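Quick notes on the structure that follows.
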Amino acid sequence: MSKSIKVVRGMHDILPQQSPLWQHLEACVRQVVQAYGYDEIRMPIVEKTELFVRTIGEVTDIVAKEMYTFNDRNGDSLTLRPEGTACCVRACIENGLLYNQVQRLWYSGPMFRHERPQKGRYRQFYQTGVEAYGLDGPDIDAELIMMTARLWQLLGLEGLELQINTLGTPVTRAAHREKLVKYLEGNRNLLDEESLLRLEKNPLRILDSKNPTMQAMIEGAPQLLDYLDDESRDHFDTLKSLLDGAGIAYRINPRLVRGLDYYQKTVFEWVTHDLGAQGTVCAGGRYDGLVEQLGGKATPAIGFAMGMERLLTLIEDRGLTVLDSAPHAYLVLVGDLAVSQGLLLAEQLRSALPGLRLRSHCGGGSFKSQMKKADKSGAQLALILGEDEIAQQQVSVKHLRAEQPQASIGHDALTQYLKEALLTD
Ligand code: ATP
Ligand code: MG
């Protein structure tokens with residue numbers, strides 16, 4: 001036997017027993033985004049490398065070390081998308097979706113980052129993103145946060161903490177940056193290698209560092225909140241009062257920053273303490289500068305992305321939802337005639353009973369071995385078709401999970417019988 005080929009490090013199969021939970025999470029997401037009137041957009045998984053270099057920025061971890069970049073056969077540099085926002089903006093500009101109109105969009109799919117794999121951190125992971133274009137007020141910021149809060153409620157997740165901050169306008173940022181750089185230069189001896197690199201190009205991001213030896217120094221750094229211009233302050237104050245009004249608790253975290261230049265004003269994260277260092281399940285912010293930066297007409301924009309694996313782990317850890325995807329019924333077919341008649345009967349039942357999960361036995365074998373498979377499938381009922389049943393034009397119905405006598409049912413009555421036994425709550 002030749003050596004088996006394994007999955008790529010940091011990537012995962014979603015196995016049949018995990019799928020029901022994924023489907024549940026995806027269905028809840030869809031229900032919530034639709035409840036707010038958002039439309040789905042689907043972008044390619046591969047984009048031109050330049051899209052991410054230009055938007056995310058060369059000094060970020062993502063672009064500097066995490067992208068799956070390759071040359072295709074024409075020699076064009078392409079990249080497996082590490083996030084969805086840039087792709088979504090590209091698609092909107094390219095398809096003229098932003099001309100004098102508001103767009104409220106969502107997408108879901110795999111993202112790729114060459115990070116060190118650990119629990120909650122993978123090289124292929126799924127994100128659901130929501131983006132709103134053409135709205136510059138704090139009302140839409142509040143709506144997005146309310147949407148996420150509603151999703152946690154639907155999923156039964158408690159104990160997630162909402163952290164918010166504002167990065168102000170570019171004017172705010174410039175004033176703050178000057179003071180920040182001065183402060184950091186004064187503390188140069190305390191900066192780690194990464195922060196020294198960021199000092200020139202992206203000093204704000206230093207505030208985001210998780211390096212324990214730098215924490216005290218970071219605590220003392222000038223805070224953006226002290227440099228807000230009137231516009232930014234009004235925006236932030238209104239957002240806070242809208243959240244208060246909606247009964248959504250939050251903590252202002254002055255160190256919550258997004259290093260990318262195009263972020264401004266509102267930023268937020270939903271954080272849990274139950275996933276160790278990988279505690280952020282959802283991160284978002286306003287990026288009014290990005291559309292223009294990518295060649296579109298200046299358009300206000302805000303969005304967030306959530307990590308589906310992290311959410312799934314939370315749902316799983318709390319044992320909140322056990323979903324039944326087992327077949328309702330298993331069709332046991334003994335003998336060639338039973339097979340040919342039974343497959344047709346199964347088709348008729350599926351047509352007559354939408355929602356019925358019926359698994360037909362394939363591959364022959366004895367009555368006994370088929371009954372074992374019926375039991376293992378998790379089905380409620382075994383529908384048995386053998387020589388006797390065919391002669392009598394009936395099907396034997398055996399209850400696999402309940403103490404009920406076996407019944408013989410004529411083909412005509414079977415639909416009604418199954419409907420009552422399986423599909424009524
Ligand atoms: P982190 O600080 O955890 O690295 P990030 O700031 O890189 O997150 P974003 O780019 O804002 O994350 O992505 C939004 C969300 O996607 C994160 O909050 C997280 O839930 C999820 N996510 C990001 N990277 C990964 C990954 N490698 N594996 C699994 N989920 C991820
Ligand atoms: Mg990251």
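The values are calculated or read from the model by the stated rules, or taken from the named source; none is laboratory data. These numbers come from a predicted model, not from an experiment. Every residue, glycine as well, gets a Cβ built from its backbone with ideal geometry; the counts of neighbours run over all protein chains shown. All accessible areas refer to the heavy atoms of the entire protein, side chains included, with ligands and DNA or RNA removed. Shrake-Rupley method; radii C 1.70, N 1.55, O 1.52, S 1.80 Å.
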Looking for whichever is surrounded by 15 or more Cβ atoms within 10 Å (Cβ to Cβ), touching a residue at least 40 places away in the same chain (Cβ under 8 Å) and touching a strand residue (DSSP E or B) at 6+ places or on another chain (Cβ under 9 Å) here; the options are Leu242, Leu290. Which one fits? Leu290
Within the stretch 120-127, is there a residue that is among the aromatic types (Phe, Trp, Tyr), part of a loop (DSSP other than H, G, I, E, B), in contact (Cβ under 8 Å) with a residue 12 or more places away in the chain and within 14 Å of ligand 1 (Cβ to nearest atom)? yes
Given the criteria within 13 Å of ligand 1 (Cβ to nearest atom), touching a Lys or Arg at 6+ places or on another chain (Cβ under 7 Å) and open to solvent by 20 Å² or more (accessible area, probe 1.4 Å), does Arg116 qualify? no
Can you list the helices (runs of 4 or more DSSP H) lying wholly within the stretch 267-367 that have 1 or more residues being under 29 Å from Gln163 (Cα atoms) and at pLDDT below 95? 290-293, 308-317
Among the residues of the stretch 128-148, are any under 24 Å from Ser232 (Cβ atoms), crowded, with 18+ Cβ neighbours inside 10 Å and within 12 Å of ligand 1 (Cβ to nearest atom)? yes
Among the residues in the stretch 34-41, are any assigned to a helix (DSSP H, G or I), surrounded by 13 or more Cβ atoms within 10 Å (Cβ to Cβ) and in contact (Cβ under 8 Å) with a residue 24 or more places away in the chain? no
Could you grab me the full set of residues in the stretch 86-110 that are closer than 18 Å to Leu135 by Cα and outside any helix (DSSP H, G or I)? Gly96, Leu97, Leu98, Tyr99, Asn100, Gln101, Val102, Gln103, Arg104, Leu105, Trp106
Could you grab me the full set of residues in the stretch 52-83 that are over 20 Å from Gly10 (Cβ atoms) and touching a Lys or Arg at 6+ places or on another chain (Cβ under 6 Å)? Val59
Which numbered condition trips up Glu47, out of (1) modelled with pLDDT of 95 or more; (2) in a helix (DSSP H, G or I); (3) out of contact with any Phe, Trp or Tyr (no Cβ under 9 Å at 6 or more places or on another chain)? (2)
